[in-house]
Each structure stands twice: as C-alpha cells, then as structure tokens.
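The values are calculated or read from the model by the stated rules, or taken from the named source; none is laboratory data. Just so you know, these numbers come straight off a predicted model, no measurement behind them. Backbone-built Cβ (ideal geometry, glycine too); neighbour counts: all protein chains shown. For accessibility, only protein heavy atoms count, side chains too; no ligands or nucleic acids. Shrake-Rupley method; radii C 1.70, N 1.55, O 1.52, S 1.80 Å.
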Amino acid sequence: MQTKELEKNNKPKRFSGILLHLHPQAINEKALSFNRTFGLGGMAALLIVIQFITGIMLRLYYEPFPQKAYDSIIFLQNNVLFGQLTRNIHHWSGVFLVIITFLHLLRVFFTGGYQSARKVNWIIGLILFVLIIGSNFSGYLLPWDQLAYWAVTVGTSLLEYIPFIGSALRELMIAGDEINSQTLLIFYNFHTAIFPILILLLMAYHFWRVRKAGGIMLPNDEEKNFVPTFPNLVYKEFVVALALLAIILIFSVFINAPLLIKANPDFSLNPTKAPWYFAGIQELLMHFHPFIAAFFIPAVIVISIVALPFLKLKDEPNGIWFYSEKAKDAAKFSLVSAIIITPFLVIANEYLPKFETMLPSINSFITNGIVPLIILLLIIWVYHKFVSKRFNLTRIEKAQTIFVFITTAFIILTIIGIFFRGVNMKLDFPWNV
Ligand code: HEM
Ligand code: HEM
C-alpha cells in the first residue's frame, strides 16, 4: 500500500479482524522496534485475559465461606481435572501481572510517554495499577489458609497508620476488628465482580486513549513511514504472547501456588508477612516510625507519580529512552548506587544501636521518625547534587535519575522483606526464612 493511503487509513474508522479493532490499519514503522515498549502493555492485557478465564474456572468450585473455602480449594486441587494447574496459572499470572504492569509504568516514564496528549492515560494507568494490586490483595484471602489469613491481617493493618481515618477505613474494609466471614464475602465480591468490571472498563478506555493519541510516543524528528499493522505488528505481538504463555505455563507446571494449613485466627505465623507487593512498606516499618513508613513516604511517592505529567519538567514529546546518553549513564550509576547503599543502610540500622534505645526519654516519633527521615532526605539530596554535577543533567534527567535511585531502593527493600526476614522479622539468609 502507498504510504499516503496507509496514513489515511490510520484514522480509527475502518476495522477488520478482532486484533485490528485494537490497532489502526497502518502504523509508523518506527513503532515496531521491540525495545520501544518491550510489548509490556500487551503482555499486561494478555495476563488480564488469562486471569479472567482461569478466575471464572476457579469460581465454579470456590465457596466463599470460612467453613468451606479451604476445603473447596483442596477439592479443586485434588479432584477437578486440571484444577491444580488452573489455580497455579491464576497464581503465577497474578504475580507476573504486578511485575509486568510495574515495568510498563517504568517504560512509559523513562520514554517520556506520560506527557502532553498522554497525561490522562498516565492517570488511567495508575488507577489500573491500583486495581491490579487490589485484585491481587483481595484474591490473597480467598484460599483461607494460614498464609492468606495472616498476610491479609498484616496487609490491612498497614491502613491503620493513615492519620485520622485509618482505623475506620480498616474496619470498613474487613467489617470488624479482625478478619471474619463477612471479610471473606466482601473480598470475594470485590475480587470476582467489582474489580474485574472496573478493570475491563478502564482497560478499554486506556486502549482507546492510546489510539486517540496516535499510538505510542515516538521521537519528533524521525520521518514517518507507515506500514500495514497486519502482519508487521500483529506477528510480533503473537510471538511475545506465545513466549509469555510458555513462561507462565512452565512456572505453573513446576511450582504450585502456596497453600498452608487452614486459617487459624488463634495461632499467628512467625514471621507474619504482608503479601509480597507490600513487603517494601513492611520493610520500611522496620526502620521508621509507622507514620513515616506506612503513610508519609508512600504518600509522597504516590503524589509525585500522579503529579508527574503536570510538573512541566520538560513538556515536549519525546519517545527516547532516558532522553540522552549521559542520562542513560546517570541512570546506570543510580541503579548500582542504590543496589549498594540500600542493603548497607538496612544492615547498619539492624545492628547499630538505635536512636530510640539510646535516647529513651525523647518521643519515639522524633528519634525513630523525624531523625531517620532527615538522614534519608539528606542522603537523597547529597546524592542528587553529586549525580547532577557529575553527569551535568537537565531537570527532567535529574528527575529520572532520582526516580531510578528511589525505585531501585524500593525494589531492594521489597526483596529484603520477602527473602531476608526470618523469625521475629530478624535479618536472615533466604534458606533459613
Ligand atoms: C486482574 C485480575 C485478577 C488477579 C490479579 C487475581 C489474583 C488472584 C490471586 C493472587 C489469588 C490467590 C491465589 C493463590 O492462592 O495464590 C486469586 C484467587 C482467586 N481468584 Fe483471582 N485474580 C483476578 C481475577 C479473577 C477473576 C475475574 C475471578 C473470577 C471471576 C477470580 C477468581 C478467583 C478465585 C475463585 C480465587 C480463589 C481460588 C484460589 O485461591 O486459588 N479472579 N486471584
Ligand atoms: C492493566 C494494565 C495496563 C494495560 C493492559 C496497559 C496497556 C497498554 C498498552 C497496550 C499500551 C500501548 C503501548 C505499550 O504496549 O506500551 C499502553 C500505553 C500506555 N500506558 Fe498502559 N497499560 C496498563 C497499565 C498502565 C500503567 C500502570 C500506566 C502508568 C501509570 C500506564 C500508562 C500508559 C501510557 C501513558 C501509555 C502511552 C505511552 C506512550 O505513548 O508511549 N499504563 N498501555
């Protein structure tokens, strides 16, 4: 087809085939390069489809009542054809969905895909991310085993640190002081009805907005050469989808979704850990006053991410990873620095005497909250000054570098929380945890 004609067809009015409902008939050749997006948005969409299909299959056997839930899972695993496999696929796709969506968020951020016409889609994406965490968290309780019961107990107790409304919010969420049969029903309804509907609606809107913005963000200066979407893009998507399916299947065949003994509200696990995606916040709680760890730091991070497109750090379309070569180097430098500094600080805080114990007469909000927070902010500020000077960065490049530093630190905290916290939440090696 002639480029002109293809460009004309690019307007979202003529559709053919199911996949072409999602795509224009022709796309800019430059958008085809795999490392522009790594196919992460498409992978997230596929994982959601897998969750819907396997979720409906699980729902056929699952009974959302404390006396029956656990036994219904055992029955599903032992007596239903491919029951265990279906549960495993649902479990692993849930894990991958959080990771892939998070990577998609990072991709959009580091290629500047949140700017101009895509501002609203950034916010829609963030809401989708919250819904995905919500889906995972509500699903976590459903097997009603010890892991589910205590992880959700710890997870929901994080809410209590929100000033003024925290306790009421938790009580509303779990219908009482502790997890009970009503909680299970609420979580079940959110998991199998409310969240899926919201995700479907928002996902459709997200896709529509990607098309409305003219596809993904591409560098301005590149000349446009349109090629047919089928087979150029669709075949690539097919390969990515097959690879992802293969990986999920390998995990699901070899590693079963966890299931401990039936939930026992009188006997807590040691250590009692929140679900893995909250392990970073739980780890922060080991080092800071709860107000700082579970409210202040997460709130500052969330507000910054929401506000990002409106900060006018550099309000022009981009589409190039990290904006420049020097910013790429600065990002690599930040990655390595955070990988070294974070465990060092965690170990120092674990084994060195704490301000709280050295100065018992002073309010712990100061010794365990304000003082460590000031130290943390100082570290970030000094680091920021150092990299900006060393790599001679612009505003947006500075923001990206600090973002790499903080994100890497948070990932390291999450890994420490999941794999390196043993009995009584003491630091330990993964094989003892
Ligand atoms: C974004 C979508 C979804 C995510 C991220 C998700 C995630 C999860 C997770 C993490 C679990 C706990 C599994 C485990 O034991 O490890 C779970 C369980 C469950 N989910 Fe979903 N889910 C999703 C959608 C759905 C849908 C649409 C349905 C049904 C309509 C569903 C039905 C169930 C049922 C019945 C269980 C309990 C069985 C079990 O624990 O194995 N899910 N889900
Ligand atoms: C259910 C989860 C999500 C799905 C299925 C999804 C899907 C997609 C797809 C297929 C694209 C087209 C390009 C690509 O593959 O990267 C896209 C673009 C985009 N997504 Fe998502 N997304 C999700 C979550 C998010 C999140 C968490 C964010 C960020 C907060 C986000 C922000 C955006 C933005 C701003 C674009 C346009 C980027 C550009 O033009 O370069 N999305 N999304």
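Before moving on, here are some points about what is shown:
- Share of carbon and sulfur in the accessible heavy-atom surface of the chain [1.4 Å probe, %]: 70 percent
- Put simply, the amide H of residue 421, placed in the peptide plane, has neighbours under 5 Å in 428, leaving out anything fewer than 5 places away on its chain.
- Isotropically averaged projected area of the range 50-206, using the convex hull of Cα atoms (one quarter of hull area), nm²: 10.4 nm²
- Probe 1.4 Å - accessible area at residue 37, Å² to nearest ten: 30 Å²
- The accessible-area ordering, largest first, of the residues 431, 92, 122 stands as 431, 92, 122, per a 1.4 angstrom probe.
- Using a cutoff of 8 angstrom between alpha carbon atoms and counting only pairs six or more residues apart, the relative contact order for the chain works out to 22 percent.
- Of 145, 428, the residue with the largest accessible area leads and the full order is 428, 145 (1.4 Å probe).
- Legend: distances between Cα atoms for 236/332; 326/398; 236/326; pairs beyond 22 Å are 236/332; 236/326.
- Since only 366, 256, 234 are under comparison, the one whose Cα sits farthest along the positive direction of the charge dipole of the chain, derived from C-beta charges on Lys, Arg, Asp and Glu, is 234.
- Contour excess over end-to-end distance, with Cα ends at residue 212 and residue 307 and 0.36 nm allotted per residue: 32.0 nm
- The heavy atoms of residue 224 present about 130 square angstrom of accessible area, all protein chains included, probe 1.4 Å.
- Surface exposure of the chain, expressed per residue as accessible area with a 1.4 Å probe, stands at 53 Å².
- For residue 257, distant residues with modelled amide H under 5 Å away: 88
- Tail fraction, Cα-Cα pairs, the range 161-216, threshold 13 Å, whole percent: 70 percent
- Estimated distance in nm for a label pair at residue 81 and residue 243, the labels positioned 7 Å out from Cα along Cα-to-Cβ: 3.4 nm
- Cα shape, the chain, gyration tensor, a/c 1.5 rule: oblate
- Secondary-structure-derived ellipticity at 222 nm for the chain, considering helices only, amounts to -20000 deg cm²/dmol, per-run term -39500 (n - 2.57) for DSSP H runs with n ≥ 4.
- Gained length - residue 348 relative to residue 260, 0.36 nm times residue gap less alpha-carbon distance: 28.3 nm
- Using θ = phi - 60° and Karplus 6.51 cos²θ - 1.76 cosθ + 1.60, couplings along the range 123-139 (whole Hz; Gly, Pro as x): 5, 4, x, 4, 5, 4, 4, 4, 5, 5, 5, x, 5, 5, 5, 5, x
- As a length-normalised measure over Cα pairs under 8 Å and 6 or more apart, the relative contact order of the range 148-251 settles at 11 percent.
- In the range 301-420, Cα pairs under 8 Å separated by at least six residues give a relative contact order of 45 percent.
- Debye-formula intensities of the range 75-145, expressed as log10 I(q)/I(0) at q = 0.11 Å⁻¹, are -0.40 (one equal scatterer per alpha-carbon, no solvent).
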